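See structure below.
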Amino acid sequence: MKILFTCKEFPHSKIIGGPIIIYNRLKYLSKNHLVSLASFYREEDEEFIPSVEPFCHDLKLVPLPPKRSPLKVTQDFFASPIPHYFLRMHGSKKMAETIASMVQKDRYDFVIAEYSVMGQFIHNNPLLPPVRRIISVHESYYLARLKAYHHYMLGPNKLKEAINLKGLKKYEFDMYSHADKVLTLTPQGKEELLEICPELDISVVPHGVDVDYFSFSEFEEEERCIVFVGNYLHYPNVDAVLYFHQEIWPQIKSRLPEIKFYIVGQGPPQEIQNLDQEKNIIVTGKVDDVRPYLKKARVFICPVRLGGGFRGKILEAMAIGRPIVTTSLGAEGIPASHRENIILADHPEEFAKDTLDLMNDDKLFEKIRVQGRKLVEEKYGWEKGVEVMEGILEKMIKNPSLKN
């Protein structure tokens, strides 16, 4: 099969966050199929190109478009058929042209838009030759923004989400309806989309983790600490850190004054960078390898309240053997059992208490970390998810009909 992937962020080997799934789809599918990539990128990504090139028949990188002027933003807000939320960072004629040119040149069997925002380049693209079009929905933007809108009280954040919601539902679900296939990462994600648009053709392709790279690690406590890893260009990770710091961290620190909190990952905004001024909080920024920080942790926290989709960071921590305390939203898509292989806590008091339990109870700590690793080994090796995707594509290729 000939498969062209498109991505909103260059999915290289050292990426933190969602794009790691695209990197591994490229890596494993390229063993038996011709695979290419068209992706947005930033200058700092250039050093990682060699980690992706061996898997790609063709690799085209498009710079993220420059920030639009206020006048252009206003014009597009009222006149463009593409919603503001899609255009704000990724409105790019160059990307639409690049994808069309690649399909024209190599006649791919499939073009897969990884992340819904990339769907705009294969939906109603007059330059795109006939091809099976798939949208891989890591999260529904409409549903994520709607949750955020209801979460915020009256004020600037609620207004921002109201602006983001304009035209979003109709455009997003029109894209899905006209695609040949929609993919989600979780059964819950599939059901959410079907509740809005029951006629969609949706398959679930699970997330994964490299169980060898994130090998099970014995714990040697050099310092008492907890860790959160995230890509802070994705706002739900920013909200998670700020929520934890304000509502949960003081309760933990009052009981364990020596405990440290590591905030790991690229793009922390100033409000997170400022937390580094506190004695027991360390903001690392971008790191080349998250494993030393996961191994350092006694507990991995994931206090997310916004967004949707799947948190691969939880699988990575589980694979290394670090117990997880997370919200129910953070554990979405993972068939985990509370206090068996994960701890679920949706209220600040519960989150603090459960984190302290893991810090102090060696028996509970060992039980959850061992059972978490077992779950990952049984269900989430990268090969398993890629095999599911491969089966879906093979079934589709036998059907000659297209929605173009």
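The values are calculated or read from the model by the stated rules, or taken from the named source; none is laboratory data. Keep in mind that this is a model prediction, so the values were computed, not measured. Note: ideal-geometry Cβ built from the backbone for every residue, glycine included; neighbour counts use all protein chains shown.
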| note | When segment 152-184 is checked residue by residue, the ones that are under 18 Å from Met396 (Cβ atoms) and of a type in the set (Lys, Arg) are Lys181
| remark: Of all helices (runs of 4 or more DSSP H) fully inside segment 26-121, the set with 2 or more residues that are closer than 17 Å to Lys2 by Cα and either hydrophobic (A, V, I, L, M, F, W, C) or free of Cβ contacts under 8 Å to residues at least 12 places away in the same chain (or both) is 93-106
| said: Just to verify a result, which residue in segment 24-61, among those that are farther than 24 Å from Gly391 by Cα and in contact with an Asp or Glu (Cβ under 9 Å, 6 or more places away or on another chain), is surrounded by the most Cβ atoms within 10 Å (Cβ to Cβ)? | reply: Ser39
| request: Please enumerate the residues belonging to segment 359-372 that are without any contact (Cβ under 8 Å) to a residue 40 or more places away in the chain, charged (D, E, K, R) and assigned to a helix (DSSP H, G or I). | output: Asp362, Lys363, Glu366, Lys367
| message | Between Leu294, Leu306, Leu356, which is in contact (Cβ under 8 Å) with a residue 60 or more places away in the chain and surrounded by 22 or more Cβ atoms within 10 Å (Cβ to Cβ)? | response | Leu294
| request: Kindly check whether there is at least one residue in segment 1-22 that is more than 14 Å from Gln120 (Cβ to Cβ), modelled with pLDDT of 85 or more and of a type in the set (D, E, K, R). | output: yes
| request: Search segment 340-351 for residues being surrounded by 13 or more Cβ atoms within 10 Å (Cβ to Cβ) and out of contact with any strand residue (DSSP E or B) (no Cβ under 9 Å at 6 or more places or on another chain), and hand back the single one that is nearest to Val204 (Cα to Cα). | output: Asp346
